[in-house]
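Derivation of every value follows stated rules applied to the coordinates shown; laboratory data play no part. Everything numeric here is computed off the predicted structure, so don't read it as measured data. Here Cβ is always computed from backbone atoms with ideal geometry, including for glycine, and neighbour counts include all displayed protein chains.
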Amino acid sequence: MSIFSKAADFFGLSEDSYEEYEVASAVNGYEDTVVEEIPVEKASPVTTHEAVYETPKTDKKVVSLRQNMKTPSATKKHQAVNKNTTGKITILEPRNYHEVKKIAQHILNGEAVLVNFQSVEEDQARRIVDFLTGTVYAQDGDIKRVGDEIFLCTPCDVEIDGQETFPTETDLYDLN
């Protein structure tokens, strides 16, 4: 056998060869008959994988989670009723990321919060802004940058009015 035929046999690519054999005649004198075996290809077993999933049968009623959640308009009405009419704005200056929960609690209480990031490193300030953005989004509020390293977080019933005007370099050094 050559190397190629051995490799083909190993990988099952060669044709199966069956040897033919003769059956010896019977001892009691019947005539000799030659029985030839007909080569038959073996079929590879067909495997099917069927996943059977059965859900447990319960008599309980299925309730959507969306029904239990407040709609944004219901949240606005609820906050407007509980909101103090004084229009209070809390000014906070965090020193590290661990103080973000205190800031978020003010937002969750329906207060507008002015956050000054001058005492925080830049990477921690970004994390705090990301956290507060999520908090404000959950309350259907708004977060705006109002100055260099200063952000205003407002609940849904407070509207921020005005143009964002940041001084340019020429305005900073123009003494006229």
Per the rule of 0.36 nm per residue minus the C-alpha distance, extending PHE11 to GLU122 adds in nm 33.8 nm
The simple spin-label model distance between THR90 and ILE160, using points 7 Å out along Cα→Cβ, in nm, is 1.8 nm
Take LYS102, project a point 7 Å from its Cα along the Cβ direction, then tell me which residues of the range 114-133 have their backbone nitrogen under 17 Å from it. 114-121, 125, 128-129, 132
Sequence of VAL113, VAL120 once ranked by neighbouring C-beta atoms within 10 Å, starting from the fewest: VAL120, VAL113
At 7 Å along Cα-to-Cβ for each site, give me the label-to-label distance between ARG145 and PHE131 in nm. 2.1 nm
Rank the residues PHE151, PHE11, PHE117 as a footprinting-exposure proxy: fewest other Cβ atoms within 10 Å of their Cβ go first. PHE11, PHE117, PHE151
Efficiency of FRET from Cβ geometry, ILE3 and ILE38, R₀ 30 Å, rounded to 0.05: 0.45
